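Each remark here refers to the structure printed beneath this line.
FYI, it's all coordinate maths here, none of it is from the lab. Treat the numbers as computed from the prediction; the structure is a model and nothing was measured. Positions of Cβ are backbone-derived with ideal geometry, glycine not excepted, and every protein chain shown enters the neighbour counts.
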Amino acid sequence: MTFQISKQFAAIIVFVFISVVNSHAQQTNTDGMLNQLAQLKRIEAMQPDSIGPKYQLALQSLNFAVMNPHAPQTENVLAQAEQTISGMEKMKGANPSDLCTLKGFLLMVRIVQNPAQNGQRYYIDVMQNFEKALKLNPDNALAKQLQEKFQEGMKQATSNLQPHVLSDKEDGTR
């Protein structure tokens, strides 16, 4: 992403990012994470033409949602993230690899929220978004990390189903 920001704005972003990372390390409560999202939203509002704040807002919103998939605020946070991603798509300097990563992450969160209903619906889209992100930018570390976590999670979810299928076959019920 190429855009110019002031030193003051950069310092604010660094401060907020450090506080968000610190909060994840300390596993703060939902209210603390929501307060940090509100701070990011204020920063984003101060720089409406900058992609960086929008990217951080969407990313941290998705982090909140994946960590709190059933919290009452999650749907609003996801709607805000989806709106932010849509707004970024219309911006001239948006990085297509980052956009694909965020879209894949959004759909991944939907699967985490309700694997039975959303797993089959979004699985291919998640994988395609991460693959496209990595095709556009093979050095996209976030896309690599999310793709690996997603594949690992899906393997665990499907392996948990396998023993039940085997036990059914052994019983002769299938």
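Quick notes on this structure:
- Taking 7 Å steps out from each Cα toward its Cβ at residue 79 and residue 120 produces label points 2.9 nm apart.
- For the range 51-109, trypsin sites (Lys or Arg not before Pro) are listed when DSSP marks them as loop and at most 13 other Cβ atoms sit within 10 Å of their Cβ; the list is 90, 92.
- Debye equation applied to the C-alpha atoms of the range 63-163, log10 I(q)/I(0) at 0.14 Å⁻¹: -0.54
- Column: log10 I(q)/I(0), Debye, Cα scatterers of the range 107-160, q = 0.22, 0.27 Å⁻¹: -0.80, -1.07
- Compared with the direct C-alpha span, the chain from residue 137 to residue 49 gains 29.3 nm at full extension, assuming 0.36 nm per residue.
- For the range 62-114, the Rg and Dmax computed from alpha carbons only, in angstrom: 11.4, 35
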